[in-house]
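A quick write-up on the structure given underneath.
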Amino acid sequence: MDAIGIATVSGAIALGHLARAHGTVRVRDIAASCALPAPYLARIVRHPARAGIVATTRGQGGGVTIAKPAEQITLAGVCHAVDDIPGDQTCLLAKPGCASGMSRAIGAVCAQYRQVMAHLINETTVGAFNRTPDGYAEPPAQAQRAG
């Protein structure tokens, strides 16, 4: 398993923002707060909406709301929702054919890396993004509410 893609990272950042907001937030406000282009984030948000991770409302007062507790949404779930499934490249550096010339020691390190990444992706939740390094939840962000 290799590193997650930018779509997953962007989606997870946006979901972390939504989890702190505790309500409906406009996509453009999330994008501005997370330093992401609004049109890009609007495309990303469609996927978690189809997966039931977020709920969207169109029109006046519309926006995006997180649909389940952040502690129940894993990075793996976000990966699946945005169709950004980490692959199994033969080389961590994405060099084709690298594995065939790899020493056993380097191959073992790469295998260990993949195991650690798989564990992190499957066990890390969006709720973890809302904790400070000492483990306490951060106070809700001062987000602009839709309306």
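The values are calculated or read from the model by the stated rules, or taken from the named source; none is laboratory data. Model, not experiment: these values are computed from the prediction. Cβ atoms come from the backbone with ideal geometry, glycine included; neighbour counts cover every protein chain shown.
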Margin query: Just to be sure before I move on: is H17 within 14 Å of F129 (Cα to Cα) and not hydrophobic (A, V, I, L, M, F, W, C) in the structure I sent?
Written below: yes
Check: Where in region 1-88 are there helices (runs of 4 or more DSSP H), lying wholly inside it, with at least 1 residues that are touching a helix residue (DSSP H, G or I) at 6+ places or on another chain (Cβ under 8 Å) and of a type in the set (S, T, Y)?
Finding: 6-21, 27-34, 38-50
Notebook entry, point to check: in contact with a Gly (Cβ under 8 Å, 6 or more places away or on another chain), among the aliphatic types (A, V, I, L, M) and at pLDDT 90 or above: does that describe I73?
Noted result: yes
